[in-house]
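Contents: one structure, followed by commentary.
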Amino acid sequence: MKFGIIKERKNPPDRRVVFSPQKLQEFQQQFPEASIVVESSNIRVFSDDAYAKAGFEITEDLSDCDVLIGVKEVPIASLLPNKKYFFFSHTIKKQPYNRDLLKAMLEKNITLYDHEVITDPKGNRLIGFGRYAGLVGAYNGFRALGIKEHTFSLPKAESLADLPALIDQLNAIELPAIKILLTGSGKVARGAKEILDAMHIKSVSISEYLTASFNEPVYCKIDVLDYNKRIDGQVLTNSDFYNNPSAYVSNFMRFAKVTDYFIAGHFFGDGSPYLFTREDAKNEHFNIRLVADISCDIDGPVASTLRASTIAEPIYGYDPETSEEVAYTSPGSITVMAVDNLPCELPKDASDGFGDLFLTHVIPAFFNGDKDGILARAAMTNEQQLTPRYEYLQGYVNGEE
């Protein structure tokens, strides 16, 4: 079986890759029967020369490969027919901007394995860049704080070599005695927590966070049942919330009253209560003045996130009185960092981490008969049809919805 590492062609350019040269060597050592080539690229964080020195052929032609592995969507014109592809297709939620891409893959008899749906039998995602989104998102929030308050200056994450360099920059600044709130329990939130802990910021309990004052920066990490409550007053489990979100209302305001910097690292499910609404933000007791919205659900559970921001222009302002975007320097505005491709700013570390997960969970499936069903669950298309798990996308493909 021949594997090809493809060049990223989506704009803006993405420097990440699924396998670093070192991780690709590990792939070859573990599965010597595999043939592996690398498509030439002047974009990715690891140079062609680095792959060549690691022993891999650099090529412009992947037409003889069986499996093609990338990160972001492949432009329709670049899709090779009758191949197996891995990339983030951004189609499982019926995203309108990629309908034609999914339709083209069906027409070209491409088997699509979407990174987002590589899961274990219980449906838990096995690979992704979530940790790196959390790491960079928290960093960008602190950078925004320095810009907003004119207290310290941090370089853009994309200009730094790696995660240790990023942490070194953070440990060189002095923070005021602020309260930092972090939502979530997954990889994104854990990545953000890594940053807070690396800065030696004190973690406090919910009770302390809500009632006490501190002469140093502190943070509190909360989960869904901390900022939502059942309408009938029962206290049940997270599973009840996930299964019956309409039975809950937001209890976030108690945190908003005492929070200075909010890091949104949660997953937001359909039907769940919004954390805070536009009306909530107008409340005289609403204290949040900086939001790093890593989850970046537009015009949704975090009212101040009106749009995604960009690596080039990562912050904007939200006026709680008018519910409109303003300059982040505007008096009374909430500063918003809502970059939606954060791992791109830490491409080396993100690629190393992703490749480790991909080699552990995915590649063995090609050589063990897919005994754990990894490939079967992740295949969205096969033989010019949607697979049964993804037949719900047929109307979307047809342009009916």
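The values are calculated or read from the model by the stated rules, or taken from the named source; none is laboratory data. Since the structure is predicted, the reported quantities are computational estimates derived from the model, not experimental observations. Here Cβ is always computed from backbone atoms with ideal geometry, including for glycine, and neighbour counts include all displayed protein chains.
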### Task
Please specify each residue of segment 361-376 satisfying the condition of being over 16 Å from Glu26 (Cα atoms), of a type outside the set (S, T, N, Q) and not in a helix (DSSP H, G or I).
Gly369, Asp370, Lys371, Asp372, Gly373
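Yes or no, residue by residue, for (1) out of contact with any Lys or Arg (no Cβ under 6 Å at 6 or more places or on another chain); (2) under 22 Å from Ala327 (Cα atoms):
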{"position": "Leu112", "(1), (2)": "yes, no"}
{"position": "Gly130", "(1), (2)": "no, no"}
{"position": "Ala138", "(1), (2)": "yes, yes"}
{"position": "Leu145", "(1), (2)": "yes, yes"}
{"position": "Ser159", "(1), (2)": "yes, no"}
{"position": "Ile180", "(1), (2)": "yes, no"}
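Is it true that some residue in segment 11-27 is basic (Lys, Arg), over 16 Å from Gly355 (Cβ atoms) and in a helix (DSSP H, G or I)? Please lay out each step first, then the result.
The first filter runs over segment 11-27 and keeps only residues basic (Lys, Arg), leaving 15-16, 23.
Checking the rest, the ones that are also over 16 Å from Gly355 (Cβ atoms) come to none.
So far as segment 11-27 goes, no, none of its residues is basic (Lys, Arg), over 16 Å from Gly355 (Cβ atoms) and in a helix (DSSP H, G or I).
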### Task
Could you tell me which residue of segment 166-185 is surrounded by the fewest Cβ atoms within 10 Å (Cβ to Cβ), considering only residues that are within 21 Å of the chain's Cα centre (by Cα) and outside any strand (DSSP E or B)?
Ser185
### Message
What pairs come out if I take residues in segment 353-368 that are within 11 Å of Ser20 (Cβ to Cβ) and pair them with residues that are surrounded by fewer than 15 Cβ atoms within 10 Å (Cβ to Cβ) whose C-beta lies under 8 Å away, six or more apart or interchain?
### Response
Leu359/Gln30
### Task
Being farther than 15 Å from Gly4 by Cα and surrounded by 16 or more Cβ atoms within 10 Å (Cβ to Cβ) is the filter here, so list the residues in segment 30-49 that pass it.
Val45, Phe46
### Hey, Asp299 among the acidic types (Asp, Glu) and either within 24 Å of Thr211 (Cβ to Cβ) or not assigned by TED's automatic domain parsing to the domain that holds Val204 (or both) or not
no
### Task
May I ask you to list pairs of residues, at least six apart or on different chains, whose Cβ atoms are under 7 Å apart, with the first in segment 390-401 being of a type in the set (Asp, Glu) and the second being surrounded by 13 or more Cβ atoms within 10 Å (Cβ to Cβ) and in a loop (DSSP other than H, G, I, E, B)?
Glu401/Lys94
### Task
Among the residues of segment 293-352, count how many are among the hydrophobic types (A, V, I, L, M, F, W, C) and closer than 24 Å to Ala161 by Cα.
11
### Message
Which numbered condition in (1) closer than 22 Å to Ile195 by Cα; (2) in the same structural domain as Gly134 (by TED's automatic domain parsing); (3) not small (Gly, Ala, Ser) is the only one that Glu321 fails?
### Response
(1)
### Query
Is one or more of the residues making up segment 369-382 more than 25 Å from Gly134 (Cβ to Cβ), touching a Phe, Trp or Tyr at 6+ places or on another chain (Cβ under 6 Å) and among the hydrophobic types (A, V, I, L, M, F, W, C)?
yes
### Answer from Asp48, Asp14, Asp61 - the residue that is among the acidic types (Asp, Glu), over 25 Å from Gly369 (Cβ atoms), at pLDDT below 95 and in the same structural domain as Leu112 (by TED's automatic domain parsing)
Asp14
### Task
Determine if segment 156-165 includes at least one residue that is outside the structural domain of Gly265 (by TED's automatic domain parsing), surrounded by fewer than 22 Cβ atoms within 10 Å (Cβ to Cβ), more than 17 Å from Ile201 (Cβ to Cβ) and aliphatic (A, V, I, L, M).
no
#### Entry: Residue in segment 232-255 that is surrounded by the fewest Cβ atoms within 10 Å (Cβ to Cβ), counting only those that are farther than 18 Å from Asp270 by Cα and in contact with a Phe, Trp or Tyr (Cβ under 8 Å, 6 or more places away or on another chain)
Met253
#### Entry: Residue selected from segment 111-125 under the condition touching a strand residue (DSSP E or B) at 6+ places or on another chain (Cβ under 6 Å) and modelled with pLDDT of 95 or more, by the criterion farthest from Ala198 (Cα to Cα)
Thr111
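Have a look at Glu33, Glu8 and point out the one that is of a type outside the set (A, V, I, L, M, F, W, C), at pLDDT 95 or above and within 18 Å of Leu346 (Cβ to Cβ). Before you say what the answer is, go through the steps one by one.
On the way: Glu33 fails: within 18 Å of Leu346 (Cβ to Cβ).
Exactly one residue qualifies, and that residue is Glu8.
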